[in-house]
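*Asks:* Sharing a structure, written as structure tokens. Questions coming.
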Amino acid sequence: MGRVPSVDVIDELVANNRAFAASLPAQHLDVRPRRQLAIVTCMDSRLDVFAALGLKDGEAHVLRNAGGVITDDVIRSLAVSQRRLGTREVMLIHHTDCGMQTLTDDGFRAELQEVTGVAPAFAIESFTDVHADVRQSILRVRRSDFLPHRDRVRGFVYDVDTHALDEVQVDEDA
Ligand SMILES: [Zn+2]
């Protein structure tokens, strides 16, 4: 790919942190997010969630995985977020040009099995239509009985080139 990551990249980040910590006064924020919000989004390196949404430290939970998929583990985190840490709204953000659109469930599963001899127990959760996948994710959250607050769940697609959010509407009867 023409890009060779430095073997010392983590050392560089640790040094960055030293300067960061030295530049700020110590503070203690409440463990409960001030805006009572949880965000589920992709691990994509181009989406700076706090900057893109104007959020500050201590304001929201941010759960990230490949694709921003609503897995059992995301439901686990949302259950803790809502039942112990006071969040009430869920914002889902997928994005354009997602790595999950570069693979298929069957193809990636076969690849993992071929190189390791073991078929993964987890679902791959690839997708082609990002808007349709946001709709699916909204429905998964709304239909999870583990979550007490499901009336304010909204989904968006973030354009990684323009930085703009596009809201995805859901027909509940679909
Ligand atoms: Zn992605």
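The values are calculated or read from the model by the stated rules, or taken from the named source; none is laboratory data. All of these numbers come straight from a predicted model, not from anything done at the bench. In this analysis, Cβ positions are derived from the backbone assuming ideal geometry, glycine residues included, and neighbour counts consider all displayed protein chains. The accessibility values were calculated without ligands, DNA or RNA, using every heavy atom of the protein model including side chains. Shrake-Rupley method; radii C 1.70, N 1.55, O 1.52, S 1.80 Å.
*Asks:* Work from the charge dipole of the range 48-174 (Cβ charges, +1 for Lys and Arg, -1 for Asp and Glu, about the Cα centre) and give the residue of Leu55, Gly99, His163 farthest towards its positive end.
*Replies:* So the residue we want is Leu55.
*Asks:* May I pose another question? Please build a GNM for the chain, connecting alpha carbons under 10 Å apart, and tell me which residue among Leu63, Leu53, Leu85 fluctuates the most.
*Replies:* Answer for the Gaussian network model of the chain: Leu53.
*Asks:* About the Cα centre of the chain, what is the dipole size in debye to 20, counting +1 per Lys and Arg Cβ and -1 per Asp and Glu Cβ, all else neutral? Kindly include the intermediate steps, with their values, before the conclusion.
*Replies:* Details: 20 positive and 28 negative charges, 199 e Å.
About 960 debye.
*Asks:* Starting from the Cα-Cα distance between Glu12 and Asp72, subtract it from 0.36 nm times their residue separation and give me the gain in nm to one decimal. Show your work: numbers first, answer last.
*Replies:* Values: separation 60, 0.36 × 60 = 21.60 nm, distance 3.44 nm.
Once the chain is fully extended between Glu12 and Asp72, it gains 18.2 nm.
*Asks:* Find the relative contact order for the range 95-174 and round it to a whole percent, using C-alpha pairs within less than 8 Å whose residues are 6+ positions apart. Walk me through the numbers before you get to the answer.
*Replies:* Numbers: 80 pairs, mean separation 23.0, N = 80.
Relative contact order, the range 95-174: 29 percent.
*Asks:* For the chain, what is the percent of antiparallel DSSP beta bridges, rounded to the nearest 5? Before the final figure, lay out each step's value.
*Replies:* Values: 4 of 21 bridges.
Bridges in the chain that DSSP calls antiparallel: roughly 20 percent.
*Asks:* From the mean inverse distance of alpha carbon pairs (Kirkwood) and the Cα radius of gyration, derive Rg over Rh for the range 29-100.
*Replies:* Dividing the radius of gyration by the Kirkwood radius yields 0.96.
*Asks:* Using the basic label-point model (7 angstrom from Cα toward the beta carbon), what is the Ala119 to Asp106 distance in nanometres?
*Replies:* 1.3
*Asks:* With n ≥ 4 as the cut-off for DSSP H runs, can you work out [θ] at 222 nm for the chain, using -39500 (n - 2.57) per run divided by the number of residues, rounded to the nearest 500?
*Replies:* Mean residue ellipticity, 222 nm, calculated: -10000 deg cm²/dmol.
*Asks:* Can you tell me what the convex hull of the Cα atoms of the chain projects to on average, as an area in nm²? Let's see the in-between values first.
*Replies:* On the way: hull surface 52.9 nm².
About 13.2 nm², averaged over all directions.
*Asks:* Could you work out what % of the accessible surface of the chain is carbon and sulfur, using a 1.4 angstrom probe and leaving DNA, RNA and ligands out of the count?
*Replies:* Looking at the chain in its full context, I get 53 percent from C and S.
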